Amino acid sequence: MKIDRLIGILSVLLQKEKVTAPELAEKFEVSRRTINRDIENLCKAGIPITTTQGTGGGISIMDGYRMDRTLLTSKDMQMILAGLRSLDSVSGSHYYGQLMEKIKSGSSEYISGSESILIDLSSWYKDSLSPKIEMIQNAIEERRILGFHYYAPSGDSTRKIEPYFLIFKWSSWYVYGYCLLRKEFRMFKLNRMDKIACETVFETGRNVPMPDLSNEHLFPATTRVKAVFDSSMKWHLIEEFGIDSFTVQSDGDLLFEHEYSDDESLLTWMLSCRDKVTVMEPEFLRENLCRIASNIAKKYEKEI
């Protein structure tokens, strides 16, 4: 991807006095025209890069900018490599691993010590996830309509979107794009997508807003729940909501109060807590839990 290549080119320029466009093109396996565009983009980003023609010419960072060769410290390079390594955990092509080796070469003075940060973004679904990510990346770069079958709580549907962003959030992968069915920008969870196919090229004139991934925007609170948890569930509450999400009562039980945006998810989460929780409010949640518990009991009572 372009951002990875720009980081790689900048790394090379910070380590060498001068390098030629053909050398960069060979190193990053792209055309000279692509390298020229990358150099132009780096200049626009504020990196003072000069190019000289003829024998002994090449691409370099301006002499007056030499003091900024420390722009990427050893720790910075470790963070960059950790980020690339995390992307390679979901890449089916090992592209990012190859890019790491290219960045490492010629950068030994900037990269020292052992790898102390290991990030794996692949989840339990790597075998099915990696091909999806690679296909969606290609669709985004080539500006192709993405068609797929989608499974959601509201039902199954066939969708076509203009894809713009791949997003890793809430321990899952999503694609953000303009849904041609709903006529608005939406996010779709990759694990719920099936029969994905790249289709025709679409026009790029649409004004694409950056996705607002804040919890307040995506999950506005609609229900306030009040419940009492058994003390053995302390770890569970801390893991889900943090150390300040409950108050320890005199008998050791945990008083939990929190706002929820999705009643169905709230119901599912309370059921996962089994008999270790007693819901106090709201009343409709108590009624639903009672009804579900009764239905479960009826299914098994004949077998007992």
| request: Give the number of residues within region 249-304 that are part of a loop (DSSP other than H, G, I, E, B), surrounded by 12 or more Cβ atoms within 10 Å (Cβ to Cβ) and charged (D, E, K, R). | output: 2
| remark: For region 259-304, the count of residues that are over 36 Å from the mean Cα position of the chain (by Cα) and free of Cβ contacts under 8 Å to residues at least 40 places away in the same chain equals 16
| Residues (part of a strand (DSSP E or B), surrounded by 13 or more Cβ atoms within 10 Å (Cβ to Cβ) and charged (D, E, K, R)) located in region 217-248 | Lys226
| query | Wholly within region 1-66, which helices (runs of 4 or more DSSP H) include no fewer than the required count, namely at least 1 residues that are on the phi < 0 side of the Ramachandran plot, in contact (Cβ under 8 Å) with a residue 60 or more places away in the chain and buried (at least 18 other Cβ atoms within 10 Å of the Cβ)? | reply | 2-15, 21-28
| field | Residue list for region 153-163, filter: modelled with pLDDT of 90 or more and surrounded by fewer than 18 Cβ atoms within 10 Å (Cβ to Cβ) | value | Gly155, Asp156, Ser157, Thr158, Lys160
| said: What are the pairs with Cβ atoms under 9 angstrom where one residue, in region 169-186, is farther than 17 Å from Ser214 by Cα and the other, located anywhere, is of a type in the set (S, T, N, Q)? Sequence gap at least six, or different chains. | reply: Leu181/Ser157; Leu181/Thr158
| query | Hey, any hits in region 200-214 for a residue that's in a strand (DSSP E or B), surrounded by fewer than 12 Cβ atoms within 10 Å (Cβ to Cβ) and in the same structural domain as Lys160 (by TED's automatic domain parsing)? | reply | yes
| remark: Considering residues that are of a type outside the set (A, V, I, L, M) and within 13 Å of Arg224 (Cα to Cα), the number found within region 266-285 is 4
| task | Working only within region 27-50, note down all residues that are over 16 Å from Ile3 (Cβ atoms) and in contact with a helix residue (DSSP H, G or I) (Cβ under 7 Å, 6 or more places away or on another chain). | result | Lys27, Ser31, Arg32, Asn36, Pro48, Ile49
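The values are calculated or read from the model by the stated rules, or taken from the named source; none is laboratory data. What you are looking at is a predicted structure, and each value in this text was computed from that prediction instead of being measured. Quick reminder, even Gly has a Cβ in these numbers, built from the backbone with ideal geometry, and neighbours come from all protein chains shown.
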